[in-house]
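Novice: Here you go, one structure.
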Amino acid sequence: MPTIAWENGEVVMIDQRKLPSREVYVRCRTGREVAKAIRTMVIRGAPAIGVAAAMGLALELRRSTATGTTQLATEFYRTCDLLAATRPTAVNLFWAIERMKHVFAGAMRAGQSTDELMVTMDAEAARVHDEDVANCRALGRHGAVVVPDEGRVLPTAMPARWPPGATGRRLGWFGRQWKRASAWPSTPTRPVRSCRAPDSRRGSWCVTASRRPLSRTAWLVR
């Protein structure tokens with residue numbers, strides 16, 4: 001169950017604001033639409049936001065009509081600024097943007113054409129995504145050994161993917177224990193007014209979508 005993916009030349013992401021009662025997907029056709037999705041919290045979770053930023057930059061280059069590399073570079077860096085302004089506290093957002101900038105600058109120095117630049121940035125965005133999935137799986141392998149057979153697990157937030165299979169960072173380490181868990185409590189970890197209880201929404205949907213029993217635990221966060 002991917003949080004974000006390429007589909008028919010568009011960036012498709014699950015609308016986390018609608019969870020857990022509705023499973024709605026948002027299709028982004030431009031980098032500006034990806035920026036809006038990040039800003040309005042369609043997509044949340046630090047790694048997922050980083051992946052979205054990388055994909056948004058690659059998407060904007062795909063649709064560019066620039067006739068030269070200088071014009072393409074202007075459009076690229078403008079989109080970087082647009083994405084950077086969406087969530088000023090999201091560390092992974094800026095990490096992904098800086099990574100894409102570094103690759104773009106290197107490709108420019110190598111004398112790549114506009115078409116080659118688009119291919120290069122597409123490939124880098126795919127690597128950002130694939131590396132995150134690999135990190136989640138590695139955390140799952142290492143973390144699963146600490147969960148007892150009859151353990152109860154407490155998901156609090158989900159980044160780039162959902163269990164089973166390739167999972168998000170915080171669910172990854174016990175996603176591998178999925179069949180062994182008897183019940184999955186779900187908790188909000190943010191104030192409702194500021195973040196609309198996103199973690200509880202995502203956690204509840206993640207568990208129920210995989211047909212596992214769910215119990216609800218809540219506490220007040222000031």
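Novice: Along Cα→Cβ, 7 Å out, is where each label goes; now give me the distance between the ones at Glu98 and Trp6 in nm to one decimal.
Specialist: Between Glu98 and Trp6, the label points sit 2.6 nm apart.
Novice: Can you work out the Karplus-derived ³J(HN,Hα) for every residue in the range 77-93? Use 6.51 cos²θ - 1.76 cosθ + 1.60 with θ = phi - 60°, whole Hz, and x for glycine or proline.
Specialist: Per-residue couplings from phi come out as 5, 5, 5, 4, 5, 4, 5, 5, 7, 6, 9, x, 9, 7, 4, 5, 4 Hz.
Novice: Hey, another quick one. Taking R0 as 35 Å, what's the FRET efficiency between Lys18 and Thr89 from their Cβ-Cβ distance, rounded to 0.05?
Specialist: Using R0 = 35 Å, I get an efficiency of 0.90.
Novice: I've got another one for you. Stretched out fully, how many nm does the piece from Ala123 to Ala110 gain, at 0.36 nm a residue minus the Cα gap?
Specialist: The Ala123-Ala110 span can extend by a further 3.1 nm.
Novice: Let me ask something else about it. For the range 4-140, state the semi-axes of the equivalent ellipsoid (square roots of 5 times the eigenvalues of the alpha-carbon gyration tensor), sorted largest first and rounded to whole angstrom.
Specialist: Square roots of five times the eigenvalues give 25, 16, 14 Å.
Novice: For Val12, Val91, Val103, what's the fewest-to-most ordering of other Cβ within 10 Å of each Cβ?
Specialist: Val91, Val12, Val103
Novice: Each residue of the range 9-18 in order: what ³J(HN,Hα) in whole Hz does its phi give by Karplus 6.51 cos²θ - 1.76 cosθ + 1.60, θ = phi - 60°, with x for Gly and Pro?
Specialist: Listing the rounded values in order: x, 10, 8, 10, 9, 6, 7, 5, 5, 8 Hz.
Novice: Once you put a point 7 Å from the Cα of Ala138 and another 7 Å from the Cα of Thr30, both along the Cβ direction, what distance in nm separates them?
Specialist: In this crude label model, Ala138 to Thr30 measures out at 3.8 nm.
Novice: Distances over 16 Å make up what percent of all Cα-Cα pairs in the range 37-107?
Specialist: The share of Cα pairs beyond 16 Å in the range 37-107 comes to 43 percent.
Novice: Would you pull out the residues with amide H under 5 Å of Val11's amide H, same chain only if 5 or more places away, H placed 1.01 Å from N?
Specialist: Excluding prolines and chain starts, which carry no amide H, the hits are Cys28.
Novice: Here is a further query. Roughly what would the spin-label model give for Gln71 and Val146, points 7 Å off Cα along C-beta, in nm?
Specialist: About 5.4 nm, to one decimal.
Coordinate-derived values only; no laboratory data. In this text the structure is predicted, and so the values were computed from the model without any measurement. Using ideal geometry, Cβ is built from the backbone for each residue, glycine included, and neighbour counts are taken over all protein chains shown.
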